[in-house]
Amino acid sequence: VSFKEVQPTRPWFYNMTAAPPELLARKDVLFGGLLASAGAGAQFGGQVTDYEHGLSFVTVHGSGHMVPTFRPRAALTLLRHVVENSTFAPPVPSDAALAAMGGPEFDGFLDKWVAAAAGPDYVGKRGRRR
């Protein structure tokens, strides 16, 4: 496609909320193997790369080609981002800017970035059910 990359590849997260007991009791054993009765908070969803013209390439970690079947919570977050036309993860500085950071500065940046990327602006409200 040769669109210019506007944000490099970076991780995105989803909120691993608890599944209702009624759903767990009636779901097929092959559907949503990661659905659980207890929530686990923000989890690694995959990678996202943003290109010009609003195009994003998104992967879903561990799903294969059947995302809703094997990663239903990640699929829900992915669809929410697509429908709402929202960003999957906060922007990151250029490679040169990251390389110029010293150890403590980089550690501080990374801690803040992960907290933002795993926060409600990107993964949704904790425990929210629709």
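The values are calculated or read from the model by the stated rules, or taken from the named source; none is laboratory data. In this text the structure is predicted, and so the values were computed from the model without any measurement. Backbone-built Cβ (ideal geometry, glycine too); neighbour counts: all protein chains shown. Accessible surface areas use protein heavy atoms only, side chains included; no ligands, DNA or RNA. Shrake-Rupley method; radii C 1.70, N 1.55, O 1.52, S 1.80 Å.
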Of the heavy-atom accessible surface of segment 1-93 (probe 1.4 angstrom), what whole percent is carbon and sulfur? 62 percent
In degrees, nearest 10, the alpha-carbon axis of helix 103-117 is tilted away from the dominant principal axis of the alpha carbons of the chain by 40 degrees
Write down the accessible area per residue of the chain in Å², having rolled a 1.4 Å probe over the full set of protein chains. 62 Å²
Using θ = phi - 60° and the Karplus curve 6.51 cos²θ - 1.76 cosθ + 1.60, what whole-Hz ³J(HN,Hα) does each residue of segment 59-64 get, with Gly and Pro shown as x? 10, 10, 4, x, 9, x
What order do you get for 63-72, 19-28, 39-48 when each peptide is scored by the mean count of other beta carbon atoms within 10 Å, highest first? 39-48, 63-72, 19-28
For the chain, calculate the relative contact order in percent as a whole number, restricting contacts to Cα pairs under 8 Å that are 6 or more residues apart. 31 percent
The computed P(r) of the chain puts the percent of Cα pairs beyond 24 Å at 36 percent
Just P93, P104, P120 to compare: in a GNM of the chain, with alpha carbon springs under 10 Å, which one fluctuates most? P104
